[in-house]
Amino acid sequence: MKQTIKRVLAALLTAGLLVLCACSAKTAPAQEQEPEQTAAVETAPAEKPQEAASVEETPEKAEGEAQTPEEQPEAEKPAPEEPAEQPTEPEVRAPMDEQPAQEQPDAQDTPMTCTISISCATILSNTDELDPEKLELVPEDGWILAPVTVEFTAGQSVFDVLLATVKAQAIHMEYQNTPMYETAYIEGIGNLYEFDCGALSGWMYRVNGWFPNYGCSRYAVQAGDVIEWMYTCDLGSDVGGSGVSQGYDE
């Protein structure tokens, strides 16, 4: 009986040892894996500095935080309004003898250029007033001299340019000096004289679109000027004048 009890105890002891060994075998791998998990947890913080660096490169502004002047977008400037085009008025010049001494052009040999023309086109609309003997003298297009560029020197007047031009072009011209007005008065060009086409007819001149209120001998020509000699049948009103002929009242 005692032997049987011993055998049972020995068997129980052996079984207990086997159970203990089995438990030890199960718990050992779990203990070995814990360091790996710990290592994984410990290495994770090493990646966070990179994320922090990325945030520093493009920092986000807190809500409501003011932007620096460099970061604020430039406001769009309104496009400037273009000024309305103003009608150009012809240049008005004083006579040569009334210009201040410093403004008077000095005579020099260097030639300059201007444009000059001679027109009697108004006669074409008033042939009933024209002396019948003069009809053949009127060109079909009204041009005695179409616009042409000529040379002149500083200090020369409109009369000087006209006189030189008609001589060069072999065009007839007749004039007289008028001491009262200190200028030459053009009586006829191309054999067309004042009063040939009515009591208010005669020759007028215009420079750069302006009819000077003084004689052609007193108007100093400048480079680029456009000189126009025009025959009027109505004291200038038919050519844009204002009731004056060659710069002084008729």
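The single condition from (1) modelled with pLDDT of 95 or more; (2) surrounded by 12 or more Cβ atoms within 10 Å (Cβ to Cβ) that E136 fails is (2). Taking the conditions exactly as written (at pLDDT below 95, closer than 25 Å to N126 by Cβ and of a type in the set (S, T, N, Q)), does S201 satisfy them or not? No. A154 fails exactly one of the following numbered conditions: (1) assigned to a loop (DSSP other than H, G, I, E, B); (2) of a type in the set (G, A, S); (3) surrounded by fewer than 17 Cβ atoms within 10 Å (Cβ to Cβ). What is the number of that condition? Among (1) assigned to a loop (DSSP other than H, G, I, E, B); (2) of a type in the set (G, A, S); (3) surrounded by fewer than 17 Cβ atoms within 10 Å (Cβ to Cβ), A154 violates only (3).
Looking at the range 157-171 only, could you name the residues that are small (G, A, S) and not in a strand (DSSP E or B)? Residues satisfying the conditions are A164, A168, A170. In the range 106-120, the residue that is nearest to G198 (Cα to Cα) out of those that are polar (S, T, N, Q) and part of a strand (DSSP E or B) is S119. Is it the case that some residue within the range 121-140 is of a type outside the set (V, I, T) and in a strand (DSSP E or B)? No; the residues of the range 121-140 include none that is of a type outside the set (V, I, T) and in a strand (DSSP E or B).
The values are calculated or read from the model by the stated rules, or taken from the named source; none is laboratory data. Computed from a predicted model, the values in this text were never measured in an experiment. Cβ atoms come from the backbone with ideal geometry, glycine included; neighbour counts cover every protein chain shown.
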